[in-house]
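Participant: So that we are looking at the same thing, I have put the structure below in structure tokens.
Read-outs: derived from the displayed coordinates by stated rules, not from any lab. Computed from a prediction, not measured in an experiment: that's the story for all the values here. All Cβ positions, even for glycine, are placed from backbone atoms using ideal geometry, and neighbour counts span all protein chains on display.
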């Protein structure tokens, strides 16, 4: 085992879009395990849009990252040292760990993965936070019915791509909004969406939506906010539902995000708009993973991953999220397994 543990800390609080100057690469010692703990070698880690909010020093549903401390997120790793009765060397685990090569965690903070059941990377994607976000947000808030029209923004991302597929399973007509011709082809040809709109090339997203949603919109799964969501609001049907998952269009805005007032659309059509985070459904995660895994085995769900290689490229992979560079789930591969059998 190397004697150096490379880490990435938050050096400054970003103003607008983060830059490399907001991150600091440092080297430390490899942590040692105490009773009930294990040392984990990072194999893959997740970068996610919500992390941008944690870089701000403001109240939210989760505590902000602290300056001069290691940034944390979803990690898949192998156990290299164990003082736990629950894990042994070579076990593959997932948990909320640091942007670093080695982490120490208590046994209660980790979930053991079974590489023989599904590729381990799915624990950070379709069988992890993004998949569960799509599952509970759509089914508990959106409640799509057969024959209804479901519109998904950020439709080619880790969450949106799963939302659209679940909506199809439920018999809905699905319209996706994404930002490149490659993503539009993916939605139509690979995922079976009924229509897809490239918001970057359309002269008018509103007109494109009117054409693609002749019967209006019954469910709008909102991942992006901003002008894209403004274009959806006039098309909402009576008793439409809006699961509000994110607003990536404004995460790096230097000032307040100001747009059209949506209240009249909500009132006149009795629309339900509910913000949520996946942790709201934490006591039902087992149910969600089981259902998603079943659909995956049955071929009703598929997924894409964009994997960037190299610990030094973690910030670049994170920043690429805000340029729409990823198709499906964005991961970073940090190392090959040494003890684990994948």
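Participant: At 0.36 nm per residue, minus the direct Cα-Cα distance, what do residue 58 and residue 201 gain on full extension? Give it in nm, one decimal, please.
Facilitator: Extra length from residue 58 to residue 201 when fully extended: 48.0 nm.
Participant: Same structure again: Quick check: Cα centre of region 224-255 to Cα centre of region 160-208, how many Å?
Facilitator: Taking the Cα centre of each part, region 224-255 and region 160-208 sit 16 Å apart.
Participant: Tell me, how many Å apart are the Cα centres for region 82-125 and for region 1-54?
Facilitator: The distance from the Cα centre of region 82-125 to that of region 1-54 comes to 16 Å.
Participant: May I pose another question? With the cut-off at 1.5 for a/c, could you classify region 195-265 from its C-alpha gyration tensor as rounded, prolate or oblate?
Facilitator: Cα axes put region 195-265 in the oblate bin.
Participant: Also, quick follow-up: What angle, in degrees between 0 and 90 and rounded to the nearest 10, separates the Cα long axis of helix 285-297 from the longest principal axis of the Cα atoms of the chain?
Facilitator: Compared with the principal axis, the helix lies near 80 degrees.
Participant: Sketch the reach of a paramagnetic label on residue 316 as a point 7 Å from Cα along Cα-to-Cβ, and name the residues of region 1-36 whose backbone nitrogen lies under 18 Å away.
Facilitator: Under 18 Å, as judged by backbone N against the label point of residue 316, lie 7-9, 18-26 of region 1-36.
Participant: What does the C-alpha gyration tensor say about the overall shape of region 137-279? Classify as rounded when a/c is under 1.5, otherwise prolate if a/b is larger than b/c, or oblate.
Facilitator: Rounded.
Participant: Hey, can you rank 130-142, 278-290 by average C-beta count inside 10 Å, highest first?
Facilitator: Values: 130-142: 24.8, 278-290: 14.2.
Highest to lowest by the protection proxy: 130-142, 278-290.
Participant: Separate question: Starting from the Cα-Cα distance between residue 15 and residue 145, subtract it from 0.36 nm times their residue separation and give me the gain in nm to one decimal. Kindly include the intermediate steps, with their values, before the conclusion.
Facilitator: Numbers: separation 130, 0.36 × 130 = 46.80 nm, distance 4.20 nm.
Roughly 42.6 nm would be gained on extension.
Participant: Let me ask you something else. Could you work out how much longer the chain between residue 106 and residue 35 gets when fully extended? Use 0.36 nm per residue separation minus the Cα distance between them, nm to one decimal.
Facilitator: In short, 24.7 nm is gained.
Participant: Pairs of Cα atoms under 8 Å, at least six residues apart: use those to get the relative contact order of region 1-145, whole percent. If you can, show how the numbers build up before the last one.
Facilitator: Details: 273 pairs, mean separation 35.3, N = 145.
Relative CO of region 1-145 lands at 24 percent.
Participant: Quick check on region 33-156: take the gyration tensor over C-alpha atoms, sort the square-rooted eigenvalues as a ≥ b ≥ c, and tell me if it's rounded (a/c under 1.5), prolate or oblate.
Facilitator: oblate
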